[in-house]
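The next block holds one structure in the form of structure tokens; read it before the comments.
What follows is calculated from the coordinates using simple rules that are stated; it is not laboratory data. On a predicted model such as this, the values are computed, not experimentally measured, just so you know. Note that we place each Cβ from the backbone using ideal geometry, even for glycine, and neighbour counts take in every protein chain shown.
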Amino acid sequence: MCSQILLIMTVSLALGGCVHKSSQDAPQPDKVPHHLTKFDNLRIDNYFWLKDRGNPKVIAHLEAENSLTERTLAPVKVLEETLFQEMKRRTKEDDASVRVKKGPFEYWVKHVPGGQYPVFLRRLRSAPTSGEQV
């Protein structure tokens, strides 16, 4: 318990020093008014243009935001990697859930070693040797 509190305090202090004191560093998107009307209510969305994923201005803005994030979090990169490795070490990589029966199937989730996401599986209860990924 004490080590968890110490870890939380360390992360809080480390991230607290990363916050920019000035919003001038942050990229400011252009304000382009877009009128939206629904149920006779008019709403103006100045950032509607950011929904267009193919727009080069949108991509440039997102790259600028990502660059700012990288610069801001650079001082805690070592801490980030340490925390990631600790969480990974505490996670069982070849784990599987209990099988749940629903209708003619049974469903379960398993984690594959080295995988980033769980695998969702099901099989017919009448054919216990088969299994398919859902």
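Given the Cα-Cα distance of His34 and Thr91 and 0.36 nm per residue of separation, how much length would full extension add, in nm?
My answer for the length gained is 15.8 nm.
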query = Local charge sum around Tyr107 (other residues, Cβ-Cβ under 10 Å, Lys/Arg +1, Asp/Glu -1)?
reply = +4
Reachable lysines from Lys51, criterion Cα separation under 23 angstrom, eight or more residues apart if same chain = Lys31, Lys38
note = Total charge of the residues flanking Lys51 in space, meaning their Cβ is under 13 Å from its Cβ, with Lys and Arg +1 and Asp and Glu -1, is 0
remark   = Val32 neighbourhood, Cβ < 15 Å, K/R = +1, D/E = -1, net charge +1
key: Label-point separation, Val98 to Asn66 (7 Å along Cα→Cβ), nm   = 4.3 nm
task = Mind checking which aspartates and glutamates have their Cα closer than 14 Å to the Cα of Lys57? Skip sequence neighbours fewer than 8 apart in that chain.
result = Asp30, Glu65
request  = Give the cross-link partners of Lys110 among the lysines, using a straight C-alpha distance below 30 Å as the criterion and excluding same-chain residues fewer than 8 apart.
outcome  = Lys88, Lys92, Lys101, Lys102
